[in-house]
1. Among what's in the stretch A:48-69 and is part of a loop (DSSP other than H, G, I, E, B) and more than 10 Å from the ligand (Cβ to nearest atom), pick the residue that is surrounded by the fewest Cβ atoms within 10 Å (Cβ to Cβ).
2. Within the stretch A:73-88, how many residues turn out to be within 11 Å of chain B (Cβ to nearest Cβ) and touching a helix residue (DSSP H, G or I) at 6+ places or on another chain (Cβ under 7 Å)?
3. I need the full set of residues from the stretch B:479-490 which are open to solvent by less than 40 Å² (accessible area, probe 1.4 Å) and among the basic types (Lys, Arg), in order please.
4. Here are some residues: A:Arg15, A:Arg45, A:Arg19. Which one is within 12 Å of the ligand (Cβ to nearest atom) and either open to solvent by 70 Å² or more (accessible area, probe 1.4 Å) or part of a strand (DSSP E or B) (or both)?
5. Of a type outside the set (Gly, Ala, Ser), crowded, with 17+ Cβ neighbours inside 10 Å and within 16 Å of the ligand (Cβ to nearest atom): which single residue out of A:Val72, A:Val101, A:Val92 fits that description?
6. Looking only at helices (runs of 4 or more DSSP H) that lie completely in the stretch B:238-353, which have at least 1 residues being surrounded by fewer than 16 Cβ atoms within 10 Å (Cβ to Cβ) and of a type in the set (D, E, K, R)?
7. Go through (1) assigned to a loop (DSSP other than H, G, I, E, B); (2) under 29 Å from the mean Cα position of the chain (by Cα); (3) surrounded by 20 or more Cβ atoms within 10 Å (Cβ to Cβ) and name the single condition B:Gly384 misses.
Amino acid sequence: MERWIRVCRPEDIPRQGARVVQISGGADVAVFRTASDRIFAITDRCPHKGGPLSQGIVFGERVACPLHNWSVELDSGCASAPDEGCVRTFPVKVEAGEVMVDLARAPGTVRDALR
Amino acid sequence: MQSFDPRIYAVGECVNHRGVAYGLVAPLFEMAKVCANHLAHYGIGRYTGSVTSTKLKVTGIDLFSAGDFTGGEGTEEITLSDPVGGVYRKLVLRDDRLIGGVLYGDTVDGAYYYKLLREGRSVAEIRDRLMFGEANLGDAGHLGRNKAASMTDDMEVCGCNGVCKGTIVRAIKDHGLFTLDEVRKTTKASSSCGSCTGLVEQILMAAAGADYSPAPQRKAMCGCTDHTHAEVRRAVREHHLLSIADAMRFLEWRTPTGCASCRPALNYYLLSTWPHEAKDDPQSRFINERAHANIQRNGSFSVIPRMWGGATSAGELRRIADVVDKYRIPTVKVTGGQRLDLLGVKKEDLPGVWRDLGMPSGHAYAKALRTVKTCVGSEWCRFGVQDSTRMGQQLERALWRMYAPHKVKLAVSGCPRNCAESGIKDVGVIGVESGWEIYVAGNGGIKTEVAQFLVKLKTGAEVLEHAGAFLQLYREEGWYLERTVHFVRRVGLDYVKRRVVEDATGRCALHERLLFALDGEPDPWAERAAGADHAQFEPIIAAEPVAV
Ligand code: FES
């Protein structure tokens, strides 16, 4: 079952930045906006030691974790080599000027299972 | 790498490149890279020759040579010769810089000399001890470099990332690594604080042998560009570049939006070169400078309010106590810089904490002036000969909100007993009967470095001007993330003295430029306590799912 939630308007997320979305009963989700206005949502916990990825520096379609500088790909949720590990990613769409995130489907977990 | 016949390219020891034939593997790799570059019509590589070193093993004899070790016109030689003991050393210097050397018998210092040679930095100050190797330089920090050979495989090399010698050696062998950068990428060793770099280089040298290619002397800022920090700084100044996008376009950056290492550097270069003109890009700053607090391991933040010269009052302490209660702040700690650190503050609480504290930002999170540490001084201390607390407060009020290539710490002591530890600060001031002594480029961090004497002055006003001018020189010419100790080592203390002590007009101009840059710079906490930039502190609470 899909479970879309409304987050904010795209312009509420700074370019090359993120907003934190608190989910009751679940881990925070970080919603990123890149320099070219693509939007991604991933769990706000670094695969290394749980650093809040939302607070990192965004470059290209990656974010540098603020704690130890791992770089995590926004579309796959996976750390760039040589580091390993993935976080959950969530489907995103923009509808009627609002960013929507689907909390139900989690391709990240599928990818994890395939690794 | 094109030969006289343009259809033929050549690399390796069959080539005579500008009069030199290299018989080693490292230059061959460098040539091959450039050659491949040309064949791919990429057109950015250029081979300008290699600095090489060799370590030979002639049954039972150790021989090391590097650079120009024959010397000649305009060079000086230092030799040590003990034919009976089987040791010979010769170092060749030009203009106080090491340009070559030969070691016979005992070659453990080879890596160290080679490093000095590549860095091309002045050895004037260590000249008298240079011959005896690195272990004799009074290195109080990590006695690195020559240890590698005696280490066992399970001994830790990189304390930050927990990497052992065995892991590095295996990675070098298995993945065929040749450079420091490759070792960093593959093993993470030496990729955090960097204090084990020398050790890793030595392991590389031992494990990869002659294949070891030293990090190039010309060091690009990061993987996004071939330009060095110096070149980027120059371009920003000469071409009046005002935004990161402009700078990247002008300097032909390879990546469209840079990376987490070059963007903060660019942002700093723009702002420090063109204050009040270049626009700050918060998204190119590390989180601490964006949130104006220090991120902690659990994602919470710490808050250190400014206390001028380390002095506080009952009113401030009461407000701090109330804030700690109200926001349930778990830990309160006195810092090494004489301030109070409130640890474990939630990000969304920061603006409220700042509002309730009603104290200015301590900038303990920024590459900026941190603290001016002071001793009690002549107001109370029976030994004090100068009012160090007041001097420290004046310095701190003059310099706070000053961003720099890296953090900046000051100290002022009221007598030569030096209770404020002025000897390990970026700028250390020590009161004496007749005035003040200024020391610069000390460091109490990864590797303890004692500050060097700059000048002796009579009045507090002179102290403010000299300290300000020195820091402005560092702000204008330092490379991002370079502490004053590294900056002064790179440009030489003589150069600093020329600019800050001897040239009175130049000093005045430096100081003026600093005052101009700081003029009107706001207190980031006051702004945010009043509501600026509020979105980053407010989490979005997920609304009920929309039924599909
Ligand atoms: S927690 Fe993200 S890099 Fe360590």
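The values are calculated or read from the model by the stated rules, or taken from the named source; none is laboratory data. For clarity, every value in this text was computed on a predicted model and none was experimentally measured. Heads up, the Cβs are rebuilt from the backbone with ideal geometry, glycines too, and the neighbour counts pull from every protein chain shown. For accessibility, only protein heavy atoms count, side chains too; no ligands or nucleic acids. Shrake-Rupley method; radii C 1.70, N 1.55, O 1.52, S 1.80 Å.
1. Result: A:Glu61.
2. Qualifying residue count for the region: 1.
3. B:Arg483
4. A:Arg45
5. Answer to the selection: A:Val72.
6. Those helices (runs of 4 or more DSSP H) span B:244-250, B:314-326.
7. B:Gly384 satisfies every listed condition except (2).
Listed here are the residues, each with its yes/no results for (1) more than 8 Å from every other protein chain (Cβ to nearest Cβ); (2) among the hydrophobic types (A, V, I, L, M, F, W, C); (3) within 12 Å of the chain's Cα centre (by Cα).
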residue	(1), (2), (3)
A:Val21	no, yes, yes
A:Ser24	no, no, no
A:Gly60	no, no, no
A:Val92	yes, yes, yes
